[in-house]
Amino acid sequence: MYLEHFNLKEMPFALTANTEFFCRLPGHQSALNVVLVSLRNGEGFIKVVGEVGTGKTLLCRLLLERLGDDFITAYVPNPDLNPAGLRVALAQELGLAAPYPRSQHALLELITNKLIEVHATGKRVVLLMDEAQAMTTESLEALRLLTNLETNTFKLLQVVLFGQPELDVRLNQANLRQLKQRITFSHYLNPLNRTELEDYLCHRLAKAGHTLGPLFTRKAADLLYRKTKGIPRLINILCHKAMMIAYGRGETRVEHKAVNMAVRDTESVAAPFYQLLKLAIVIPAVLVVSIIILIIKYHHLL
């Protein structure tokens with residue numbers, strides 16, 4: 001690929017949520033600090049909301065690493081669970097051995113006893129729910145009831161919800177007002193601004209081993225920001241493609257032309273003009289082929 005060409009040790013813009021590439025930008029660092037402080041203060045419910053691709057999963061994985069030995073973490077990345085499935089997932093994360101009782105009351109009693117056992121050791125249990133906006137109303141209510149488990153001074157289970165803005169829409173429904181009232185701290189994860197985009201590019205390239213000065217020209221970075229609106233996932237996609245294009249053309253820096261070609265190849269950021277241009281080319285071609293086929297069939301009948 002282009003690693004040797006750009007003097008890199010690893011891919012700087014891979015889409016995997018690698019915590020080694022976490023960039024301490026104000027918004028992301030603030031979100032991390034809010035959650036860490038809230039959990040250490042014993043808060044029951046915490047919420048982090050952000051648009052698709054703003055880095056929620058990376059933040060979630062970073063939390064798993066940063067909480068330390070005072071916490072036992074339960075991570076549930078799959079929101080498509082009914083209340084019974086949610087309890088089973090929590091039991092598995094807590095290390096309770098299967099098979100689990102069919103009675104939900106008996107399963108809840110096992111979970112409660114385990115939480116009390118953990119609390120007796122001086123540790124706390126945190127449940128991290130990713131993509132929480134996709135949870136059913138019944139599962140969200142079951143989650144709320146789980147946080148009713150408490151001692152006189154501490155919650156036996158703390159919960160961090162990571163979700164898209166649709167989660168706030170869900171929580172504004174009247175039937176979820178009890179859960180909304182339980183959320184003591186919230187943080188909205190904003191896209192990067194133009195200055196942060198520059199810092200983000202430099203940070204990831206430096207982490208990957210780049211030492212030869214700015215790789216993306218200013219015009220290229222400007223175009224990246226306009227097309228991605230500061231969404232890290234889209235930035236990663238376009239940067240990777242633009243670097244491939246620059247490598248293929250033998251260029252040592254990524255120019256705006258390479259970014260523009262990457263944009264045309266990426267449906268989520270491509271301008272309608274390019275989509276219409278494709279249709280303008282494809283539809284007439286299909287019509288021409290269809291007419292030729294009809295003419296051949298007509299002559300064959302004659």
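Every read-out reported here was derived from the displayed coordinates using simple, explicitly stated rules and does not represent laboratory data. Since this is a predicted model, take the numbers as computed values, not measurements. Positions of Cβ are backbone-derived with ideal geometry, glycine not excepted, and every protein chain shown enters the neighbour counts.
Below are the figures for this structure:
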{"read-out": "Cut-off 10 Å between beta-carbons: net charge of the residues surrounding residue 180, Lys and Arg +1, Asp and Glu -1", "value": "+4"}
{"read-out": "Rounded tilt (10° steps) of 26-40 against the dominant C-alpha axis of the chain", "value": "20"}
{"read-out": "Label zone at residue 14 (point 7 Å along Cα-to-Cβ), backbone N below 11 Å, segment 64-81", "value": "none"}
{"read-out": "Segment residue 173-residue 141, length gained on full extension (0.36 nm per residue, minus Cα span)", "value": "10.3 nm"}
{"read-out": "Segment 138-222: C-alpha gyration tensor shape, a/c 1.5 cut-off, then a/b vs b/c", "value": "prolate"}
{"read-out": "Qualifying lysines (Cα of each under 27 Å from Cα of residue 207; at least 8 residues distant if same chain)", "value": "9, 56, 219, 227, 229, 241, 257"}
{"read-out": "Degrees between helix 232-248 axis and first principal axis of the chain (Cα, 0 to 90, nearest 10)", "value": "40"}
{"read-out": "Shape category assigned to segment 49-102 from the gyration tensor of Cα positions, a/c cut at 1.5", "value": "oblate"}
{"read-out": "Fraction of beta bridges assigned by DSSP in the chain that are antiparallel (%, nearest 5)", "value": "5"}
{"read-out": "For segment 184-244 versus segment 100-145, the gap between their alpha-carbon centres in whole angstrom", "value": "38"}
{"read-out": "Cα→Cβ-extended label distance, 7 Å offset, between residue 123 and residue 150, nm", "value": "2.3"}
{"read-out": "Antiparallel content of DSSP bridges confined to segment 26-189, in %, to 5", "value": "5"}
{"read-out": "Value of Rg to Rh for segment 199-245 (Rh from inverse mean 1/r over Cα pairs, i.e. Kirkwood)", "value": "0.93"}
{"read-out": "Gain in span if fully extended, residue 199 to residue 98, counting 0.36 nm per residue against the direct Cα distance", "value": "31.6 nm"}
{"read-out": "Shape category assigned to segment 48-160 from the gyration tensor of Cα positions, a/c cut at 1.5", "value": "oblate"}
{"read-out": "Acute angle (nearest 10 degrees) that the helix 272-301 long axis makes with the longest principal axis of the chain, alpha-carbon atoms", "value": "60"}
{"read-out": "Cβ-derived FRET efficiency at R0 45 Å, residue 110 paired with residue 266, nearest 0.05", "value": "0.40"}
{"read-out": "Kirkwood hydrodynamic radius over Cα pairs of the chain, then Stokes diffusion coefficient at 37 °C and 0.692 mPa s, in µm²/s", "value": "146"}
{"read-out": "Average Cα contact separation per residue, the chain, under 8 Å, 6 or more apart, as relative contact order %", "value": "26"}
{"read-out": "Spatially proximal lysines relative to residue 155 (Cα-Cα < 21 Å; intrachain offsets below 8 disregarded)", "value": "47, 114, 123, 180"}
